[in-house]
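See structure below.
The values are calculated or read from the model by the stated rules, or taken from the named source; none is laboratory data. This structure is a prediction, so every number in the text was calculated from the model and none was measured. FYI the Cβ positions are ideal-geometry reconstructions off the backbone, even for glycines, and counts take in every protein chain you see. Protein only, heavy atoms only, side chains kept; ligands, DNA and RNA dropped before computing areas. Shrake-Rupley method; radii C 1.70, N 1.55, O 1.52, S 1.80 Å.
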Amino acid sequence: MTTETKQTDGAGAATANDTLTVTDNRTGKQYEIPIEDETIRATELRKIKVHEIDQLAEESTYLEVAYLLVHGNLPSQKELDEWVHEITIHTFVHENVKEFMQGFRYDAHPMGILLASVGALSTFYPEAAAIKDEDIRYLQIIRLIAKMPTLAAFSYRHNRGMPYVYPDNDLSYPGNFLSMIYKVAELKYEPDPRLERALDILFILHADHEQNCSTSAVRSVGSSQVDPYSAVAAGVAALYGPLHGGANEQVLKMLRRIETKENIPDFIKGVKQGDEKLMGFGHRVYKNYDPRAKIIRKHAYEVFEVTGTNPLLDIAIDLEKIALEDDYFIDRKLYPNVDFYSGIIYEALGMPVEMFPVLFAIGRTSGWIAQWLEMIDDKEQKIARPRQIYTGERGREYVPVGERS
Ligand code: SDX
């Protein structure tokens, strides 16, 4: 590995050896980390990776990545076959879940239905409360990964007033989801392999992402030792928000508001005046290009080859170009994030915008579960209980209601 190294002489200027060489024994890779002020930046350690996300996106499948997240290593072929089989035979939900869903308004947002349905699963599998029993826990993990697409598709079909399509166990994980969404009168839905692959890659890229808002919600709620369905339902609730998982839905609503390419300059002016945000841009952590966005961007153009673009997607492509060259966004380190491109791919796939955060939830389920498992098995784990500093008024006497102004 060739790296430029810096040296500091006696006067403190950089010398060739002011670096720390770290060897990751899992991969044998070496990393040169600069030493500044007798220490290193913790963020430099983020360079140490076992699996690069772009390798997983290009080489793996979502269920294989889900196995990696849950077990901590990639499966052997036998382990993968068993994992896929277990998930495939748990894709159905109890018929009462369908009746539960019928209680929602005809136009209920699918994310609201998903949120409630995932939580409701805790009542169908009360044994899930035994979170320390590894066998019971494992079965709930299989059920969550297996049933999330089914609940998601049922919530979409309810929203569209269409009959529910049951899982087709002959299809792949993404293919089965497309079938449950799009199948109408044909005897068997045949997914386009290019769209199936694009969806699988989107699930991989959304699988896990450190302590983001929804994962922190799963960990916090899960720390009360509630069952995993209730903890994951908290993650779905957080992901519903427009600044998090709801961002890709807001991207398409923003593109619709812009309406034509000619309106882009005025829209950008409005963003700079603080009238609104450029949805799908910016990140709490990434102050440069989100590596996932680069991968998704490449696949977006491959999907467009299949689906063709439309005026909205053409606006998105122009918006991306303008924002990447505009100092306002460059100075604020606002780059397109994963939601910008996932939104336009789902649009190209013909997904209704309400389903965008639902698709995000399907992919993120394996990450939520892996983080929940890590938290549950952490011997030092206690219930989440942030402290607060009281900054209100002190020493106020109680005033009877009749004497209050
Ligand atoms: C996800 O945490 C994760 O990992 C999340 C996620 C995951 O995988 O789980 O990556 C998925 O949630 C991605 C983010 C999706 N959200 C959006 O695309 C919504 C639009 N973006 C934002 O609202 C915003 O960028 C956030 C919420 C993502 C980040 O907000 P921050 O941390 O407040 O942004 P910042 O501190 O970097 O902002 C710096 C400046 C501020 O302006 P000034 O006060 O300096 O003038 O940039 C402004 C912000 O107001 N700004 C934006 C902007 N995002 C930040 N201005 C216009 N458009 C935007 N999108």
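Among residues of region 30-47 that are assigned by TED's automatic domain parsing to the domain that holds LEU20 and more than 16 Å from ASN17 (Cβ to Cβ), none has a beta-carbon under 9 Å from a residue that is at pLDDT below 75 and open to solvent by 60 Å² or more (accessible area, probe 1.4 Å) at least six positions away or on a different chain. Please give the helices (runs of 4 or more DSSP H) falling wholly within region 102-217 in which 2 or more residues are small (Gly, Ala, Ser). Result: 110-124, 134-160, 173-182.
Here is the figure for region 127-146: residues that are more than 13 Å from PHE92 (Cα to Cα) and without any contact (Cβ under 8 Å) to a residue 60 or more places away in the chain total 8. Restricting VAL93, VAL97 to those that are modelled with pLDDT of 85 or more, closer than 30 Å to ARG157 by Cα and outside any helix (DSSP H, G or I) reduces the list to VAL93. Among the candidates PHE154, PHE124, the residue that is closer than 14 Å to GLU99 by Cα and open to solvent by less than 10 Å² (accessible area, probe 1.4 Å) is uniquely PHE154. Only residues that are within 13 Å of the ligand (Cβ to nearest atom), open to solvent by less than 60 Å² (accessible area, probe 1.4 Å) and either among the charged types (D, E, K, R) or within 12 Å of the chain's Cα centre (by Cα) (or both) were counted across region 213-235, and they come to 3.
Among residues belonging to region 327-355 that are in a loop (DSSP other than H, G, I, E, B), more than 11 Å from the ligand (Cβ to nearest atom) and not aliphatic (A, V, I, L, M), point out the one that is nearest to TYR156 (Cα to Cα). Don't jump to the end; show me each part of the working.
If we filter region 327-355 for residues that are in a loop (DSSP other than H, G, I, E, B), which is where we start, we get 332-335, 337, 349-352.
Subset that is more than 11 Å from the ligand (Cβ to nearest atom): 349-352.
In the following step, the residues that additionally are not aliphatic (A, V, I, L, M) were identified as 350, 352.
Details: GLY350: 13, PRO352: 9 Å.
Within region 327-355, the match that is nearest to TYR156 (Cα to Cα) is PRO352.
Taken over region 305-326, the residue count meeting the criterion of being in contact with a strand residue (DSSP E or B) (Cβ under 6 Å, 6 or more places away or on another chain) and either open to solvent by 50 Å² or more (accessible area, probe 1.4 Å) or away from the ligand (no atom under 16 Å from the Cβ) (or both) is 0.
In the set GLU196, GLU210, GLU186, which member is in contact (Cβ under 8 Å) with a residue 24 or more places away in the chain and open to solvent by 40 Å² or more (accessible area, probe 1.4 Å)? Talk me through it step by step, then tell me what you get.
Values: GLU196 fails: open to solvent by 40 Å² or more (accessible area, probe 1.4 Å); GLU186 fails: in contact (Cβ under 8 Å) with a residue 24 or more places away in the chain.
Exactly one of GLU196, GLU210, GLU186 is in contact (Cβ under 8 Å) with a residue 24 or more places away in the chain and open to solvent by 40 Å² or more (accessible area, probe 1.4 Å), namely GLU210.
Restricting attention to region 269-289, the residues that are touching a strand residue (DSSP E or B) at 6+ places or on another chain (Cβ under 8 Å) and modelled with pLDDT of 85 or more total 2.
Can you pull out the residues in region 275-304 that are within 7 Å of the ligand (Cβ to nearest atom) and open to solvent by 20 Å² or more (accessible area, probe 1.4 Å)? Don't jump to the end; show me each part of the working.
Taking region 275-304 first, the residues within 7 Å of the ligand (Cβ to nearest atom) are 277-285, 287, 290.
Answer for region 275-304, where residues must be within 7 Å of the ligand (Cβ to nearest atom) and open to solvent by 20 Å² or more (accessible area, probe 1.4 Å): LYS277, MET279, PHE281, HIS283, ARG284, VAL285, LYS287.
The set of residues in region 366-405 being touching a residue at least 12 places away in the same chain (Cβ under 8 Å) and open to solvent by 80 Å² or more (accessible area, probe 1.4 Å) consists of LYS382, ILE383. Restricting attention to region 31-51 and to residues that are open to solvent by less than 90 Å² (accessible area, probe 1.4 Å) and modelled with pLDDT of 80 or more, the residue that is farthest from GLY72 (Cα to Cα) turns out to be GLU36. The number of residues in region 236-274 that are under 30 Å from ALA116 (Cα atoms), more than 10 Å from the ligand (Cβ to nearest atom) and part of a helix (DSSP H, G or I) comes to 7.
Please go through region 359-381 and give me each residue that is farther than 24 Å from GLU196 by Cα, part of a helix (DSSP H, G or I) and either modelled with pLDDT under 95 or away from the ligand (no atom under 13 Å from the Cβ) (or both), ordered by number.
The answer is ALA370, TRP372, LEU373, GLU374, MET375, ILE376.
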